[in-house]
There are 2 protein chains.
Amino acid sequence: MNFSGTTKERTPGSSAPKLKIYTLSGTESVTKNLTVYEYGDDIILVDCGVGFPDMDQYGVNVVIPDFTYILENSHKIRGLFITHGHEDHIGAVPYLLRELNIPIYASKLVQGFLNERVSDRPFKDLAGKIKFHLFSPETEEVTLGVFRVSAFCTNHSVPSSTGLAISTPEGMVLHMADYKIDWTPVLDPPIDLGRISELGRKGVLCLLSDCLNVTTEGYSKSEMDLNDTFSGIFKNGYGRQILITTISSNIARMFQIIDAAIKSGRKIVLAGRSIDQSVSVARRLGYLPFADDVFVKDGDSSKYKQGDLVYIIAGCYGQEGSALARFSRGEHDTVKLVDNALVVFSADPNPPGVEADVEKVMSALTLAGAEVLYSKIQNNLHVSGHGTRGDLTTIAAITKAKFYIPIGGTITRMRAYTNMIGELGIGKDRVFECMEGDCVEFYNGRASKGQKIETKPVFIDNNGTDEVNPIVIRDRDQLSSDGVFVVVIPASQSGQFYPEKVEVVTRGFIYVKASKELMDKSKQFIAKIFDKGMTRSKDWQDLKRKLESRIEDFLRKETGRRPMVIVHSITV
Amino acid sequence: MNFSGTTKERTPGSSAPKLKIYTLSGTESVTKNLTVYEYGDDIILVDCGVGFPDMDQYGVNVVIPDFTYILENSHKIRGLFITHGHEDHIGAVPYLLRELNIPIYASKLVQGFLNERVSDRPFKDLAGKIKFHLFSPETEEVTLGVFRVSAFCTNHSVPSSTGLAISTPEGMVLHMADYKIDWTPVLDPPIDLGRISELGRKGVLCLLSDCLNVTTEGYSKSEMDLNDTFSGIFKNGYGRQILITTISSNIARMFQIIDAAIKSGRKIVLAGRSIDQSVSVARRLGYLPFADDVFVKDGDSSKYKQGDLVYIIAGCYGQEGSALARFSRGEHDTVKLVDNALVVFSADPNPPGVEADVEKVMSALTLAGAEVLYSKIQNNLHVSGHGTRGDLTTIAAITKAKFYIPIGGTITRMRAYTNMIGELGIGKDRVFECMEGDCVEFYNGRASKGQKIETKPVFIDNNGTDEVNPIVIRDRDQLSSDGVFVVVIPASQSGQFYPEKVEVVTRGFIYVKASKELMDKSKQFIAKIFDKGMTRSKDWQDLKRKLESRIEDFLRKETGRRPMVIVHSITV
């Protein structure tokens, strides 16, 4: 194999362009994916997703990639390619487009999802303005600057997922975000291993590969494995109210549910905004070719016998405001739980960080009299969209890439991928484990770590539009733990303080009604500090800091708690 | 079978005593276990543990059972039996003893753990005052009022775990908290199935049984299955720095690690307070019969070649302040990571709610150059202490109990246990799924749900002693999401307000330095409200509420955020 065969030998020099691949966002945190391909004056981007806040990032709705590098190099950006329609790959597109309206290369389905997203607040200003280019395994290769990009079919838990073959002056790079090998997928053709092998035979410089499920042995299961699941559920649940919850973008799963429902004589009710929108887009684009009369409007469901319906309901991760959570609490407007109802969780059984929420919803359903089916007690309710070790080994082996960059997994998964490459007899030094902002440079068939871009997470607040300053989040962290203790000190125009008139306002610290004694003691303590000659100060900021520190110590000693203490002077 | 054979037939009547079993705390939430057995004027308690706060219970360290019913009936309480030495079964004992110093019936090990707990703050006042009675499968039956109680050996992930045979005027009740069937345990004898069968043959009125792992098929694994694990790790890791983390109460696991270490020529370093204390208690009581020179003091470890040591280190759940977390960040005082270190997680691979913390520590270790072994990539690093479906079926079948109360699992697990009993051909109506405070009454061989005790969770704050009022926690929840916005309005003695002198203090809401405009606009808005005739009010509380509501609306419209608004008037 001559990996650099596609590249002319050039004289090295610091000014000669190199191919740079930046994992700008997403690798280590799994979500908010964004990869930058740069060569000279050309940049293309792959994916632009959102991530989800850590537990201590209070009041944050989503986290988006740091666009600083992209905006600083806006003149070089030729376009954005989207691999598939999941939130962690498309969710941050509107935020980017507001800053820089670059062309987007994506499947019909991704375009549909994005159009739906900008059809309403807060992104309505983008409606009709997105510069879409249809990009799929069926479309022509796209040339953007030095890059020539084509798509090939992969399999994942949303239809029309693709891998990218990116031809660069340094050689061919394959970008394979979330994928698995599925020989019997439901709506898609199987992954195009023929094309991938052919690319491998011609020479692949680098493979960027999903690594999320590398620690799971063997090959992944096929979507088709669930085909008998739903007809079985409808048969065993004859006459009963049945609700099935799954992730809204899993159109193939919807197909299986609807197909089995029709054959069992049940009509479909879509409950929950995300499910409704997603099915609406998929039907418009021909992914769900079922007649209109198969669907019953949410509000009309009470007119039918419950045994003649099946609800596809949003909220498989137990989200508090979701249709399923409201249903479980008896708070859903139109769908009411009927005794002996059957609720089926057809979703990832171990989604990170949501176990407690799912358990809460399942418990409420069980207590309300429903039977709940979930992966722990019944097989074949869900298959993952991510390839396991067997799938990942196959792709690594047939691409025969010279270098590897595992993506879409934490560092522990990347390390396991590196070990997997080692077991294939390929040197582990061919694998680059990249953290956010890391760069791999390719030049003359060689690769090395380049200069990292410093990035910071960008927090978007609960209203979905504004950035939240990290200092504000840090303050919320302190407020959440021990509350706030505000001391207001009146002062005269001339700077004379009136410590005997100090007032205290506190919340989230102690229950004031039960703690009059402590409040009185606090006021006395503050007055006493002033007695010791602090009633005048030229430097208010300095005095304020000293007072806050003294009061913090006092409260910690008295209560063991550390509220945020704010001393404020009011001039009267 | 004549289940009521041990009971004399009596005339029923509302005044005739019944046996009442209250699952006062713990069943639905898994943790903070406390069961009440009541008959006439006699009450005995079983277990008294802590629970852990939900994510939105801010500033809460632990949750303890609601002792109200116990304190109201303090004259009836004859004693507290402890089944085993886990936090969720013993952790709340000091809190209860402070209110009511009742006799405690427990194994040597549980006594050791509790004595260690009260040897230091905040429970030092209890040191030496606990009224312990040794209670184990080897000790005599204990008679407390109408109850006669004996212990039998079970198996779990802490040594000397027991089941209780509680003889009552209504019949025999078996209380089997966390257990599994292990024929080759490490420090204990195998579970005493002979005794349990014998009790079953004589007639068991009710079985209270662990149900946590009922959704896992088959029989549980034995502790012995890990015997070759550690010698293998020491062999493969020859010469390398090795750290193993496990839960501190798992003394059998410690035994296996220490035994294998000695045979591999390594000495032991205990890192972390919980591990140190637990091993110290276990050694003192003879559970870990190894010579003193096997152990190297934490501070002396740098004097040894790292290949000659093994660290048993606290923090297997990624706890932020733990020895392992500090080690992973390079912040541990005495233990420093050496290149190519091997860190082994010998613990529950899927502890609820801590996945993100574990991932964080594993990532930090990997990035720092360590190899991390965990259950997903290597078998036999951990076995659970809870029996799976096979174990639970065996116990249910051999006790042949007339009634069943599944404990130690959420309602979804209880329901699965009920279904398991159904599959045994026993009527599902023989199973009582009990939420916290629920009561099952037994009378003349019949059982029914009795009157529930209303309970509330009791929150203990981060300093480990004081209760946190639920209102304070609710305030912290709001503060954590959008911060606080305090408006201070000066007023004269006569009730005249000075709206032009209003001051605003805010934290966790917006970044003030970047939002001068909004702050100015807010002050103008407040002044304007007053312009419209609100500068005087007889009813300050009413005015305050109106102002807060108006300001909340204003801020939500301006920013989309909902900070806690507090209007405070200061008289000058």
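Results, tabulated for the structure shown:
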| quantity | calculated |
| --- | --- |
| Test: residue in segment B:354-363 that is in contact (Cβ under 8 Å) with a residue 60 or more places away in the chain and surrounded by fewer than 21 Cβ atoms within 10 Å (Cβ to Cβ) | no |
| Scope segment B:453-486; condition assigned to a strand (DSSP E or B) and open to solvent by less than 30 Å² (accessible area, probe 1.4 Å); matching residues | B:VAL458, B:PHE459, B:ILE460, B:ASP461, B:VAL468, B:VAL484, B:PHE485, B:VAL486 |
| Residue match in segment A:305-316 (condition: buried (at least 18 other Cβ atoms within 10 Å of the Cβ) and among the charged types (D, E, K, R)) | no |
| Strands (runs of 3 or more DSSP E) completely within segment A:87-195 that count 3 or more residues being crowded, with 20+ Cβ neighbours inside 10 Å and in contact (Cβ under 8 Å) with a residue 24 or more places away in the chain | A:104-106, A:147-153, A:162-168, A:171-176 |
| In segment A:317-330, the residues that are farther than 21 Å from A:ASN250 by Cα and surrounded by 24 or more Cβ atoms within 10 Å (Cβ to Cβ) | A:PHE327, A:SER328 |
| Filtered residue count, segment A:196-228, keeping only those that are at pLDDT 95 or above, surrounded by fewer than 23 Cβ atoms within 10 Å (Cβ to Cβ) and assigned to a helix (DSSP H, G or I) | 5 |
| Segment A:546-572 residues that are within 9 Å of another protein chain (Cβ to nearest Cβ), paired with ones that are of a type in the set (S, T, N, Q) (beta carbon under 6 Å, 6 or more apart) | A:GLY560/B:ASN463; A:MET564/A:GLN478 |
| Candidates B:ILE262, B:ILE257, B:ILE233, filtered to the one that is within 17 Å of B:VAL294 (Cβ to Cβ) and open to solvent by less than 50 Å² (accessible area, probe 1.4 Å) | B:ILE257 |
| Some residue of segment B:505-523 being crowded, with 18+ Cβ neighbours inside 10 Å, touching a His at 6+ places or on another chain (Cβ under 9 Å), within 11 Å of another protein chain (Cβ to nearest Cβ) and not acidic (Asp, Glu) | yes |
| Every residue from segment B:279-293 that is in contact with a strand residue (DSSP E or B) (Cβ under 9 Å, 6 or more places away or on another chain) and open to solvent by less than 20 Å² (accessible area, probe 1.4 Å) | B:VAL279 |
| Hits in segment A:345-373 (condition: assigned to a loop (DSSP other than H, G, I, E, B), facing another protein chain (nearest Cβ under 9 Å) and of a type in the set (Gly, Ala, Ser)) | A:GLY353 |
| Any chance B:GLY239 is of a type outside the set (D, E, K, R) and either farther than 27 Å from B:ILE407 by Cβ or free of Cβ contacts under 8 Å to residues at least 24 places away in the same chain (or both) | yes |
| Residue check for A:LYS428: surrounded by fewer than 17 Cβ atoms within 10 Å (Cβ to Cβ) and more than 14 Å from chain B (Cβ to nearest Cβ) | no |
| Search result, residues across segment A:437-452 that are open to solvent by less than 30 Å² (accessible area, probe 1.4 Å) and more than 21 Å from A:GLY203 (Cα to Cα) | A:GLY437, A:ASP438, A:CYS439, A:GLY450 |
| Considering residues of segment B:374-412 that are among the aliphatic types (A, V, I, L, M) and crowded, with 21+ Cβ neighbours inside 10 Å only, the residue farthest from the other protein chains (Cβ to nearest Cβ) | B:ALA401 |
| Meets criteria (in contact with a Lys or Arg (Cβ under 7 Å, 6 or more places away or on another chain) and at pLDDT below 95) for B:VAL440 | no |
| Given (1) at the interface with chain A (Cβ under 10 Å from one of its Cβ atoms); (2) touching a helix residue (DSSP H, G or I) at 6+ places or on another chain (Cβ under 8 Å); (3) at pLDDT 95 or above, index of the condition B:ALA416 fails | (2) |
| Failed condition for A:PHE345, given (1) crowded, with 20+ Cβ neighbours inside 10 Å; (2) in contact with an Asp or Glu (Cβ under 6 Å, 6 or more places away or on another chain); (3) under 30 Å from A:TYR311 (Cβ atoms) | (2) |
| Residue count, segment B:331-342 (criterion: open to solvent by less than 60 Å² (accessible area, probe 1.4 Å), within 14 Å of another protein chain (Cβ to nearest Cβ) and assigned to a loop (DSSP other than H, G, I, E, B)) | 1 |
| Flag if B:ARG545 is at pLDDT 85 or above, surrounded by fewer than 18 Cβ atoms within 10 Å (Cβ to Cβ) and either closer than 11 Å to B:VAL487 by Cβ or in contact with a Cys (Cβ under 9 Å, 6 or more places away or on another chain) (or both) | no |
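Matching residues to (1) free of Cβ contacts under 8 Å to residues at least 40 places away in the same chain; (2) under 26 Å from the mean Cα position of the chain (by Cα):
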position	(1), (2)
A:SER448	yes, no
A:LYS452	yes, yes
A:PRO457	no, yes
A:ASN462	no, yes
A:ARG474	yes, yes
A:VAL484	no, no
A:VAL488	no, no
A:PHE497	no, no
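So that you can scan it fast, the table gives a plain yes or no per residue for (1) modelled with pLDDT of 90 or more; (2) open to solvent by 40 Å² or more (accessible area, probe 1.4 Å); (3) small (Gly, Ala, Ser); (4) not in a helix (DSSP H, G or I):
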site: A:ALA527; (1), (2), (3), (4): no, no, yes, no
site: A:ARG536; (1), (2), (3), (4): no, yes, no, yes
site: A:GLU552; (1), (2), (3), (4): yes, yes, no, no
site: A:LEU555; (1), (2), (3), (4): yes, no, no, no
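Quick grid of which residues meet (1) at the interface with chain A (Cβ under 8 Å from one of its Cβ atoms); (2) modelled with pLDDT under 90:
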residue	(1), (2)
B:GLU433	no, no
B:GLU436	no, no
B:ASN444	no, no
B:THR455	no, no
B:ASP466	yes, yes
B:ASP475	yes, no
B:PHE485	no, no
B:ILE489	no, yes
B:SER492	no, yes
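The values are calculated or read from the model by the stated rules, or taken from the named source; none is laboratory data. All values derive from a computational prediction rather than experimental measurement. Virtual Cβ from ideal backbone geometry, glycine too; neighbours counted across all protein chains shown. These accessible areas exclude ligands, DNA and RNA; they are computed on the full protein's heavy atoms, side chains included. Shrake-Rupley method; radii C 1.70, N 1.55, O 1.52, S 1.80 Å.
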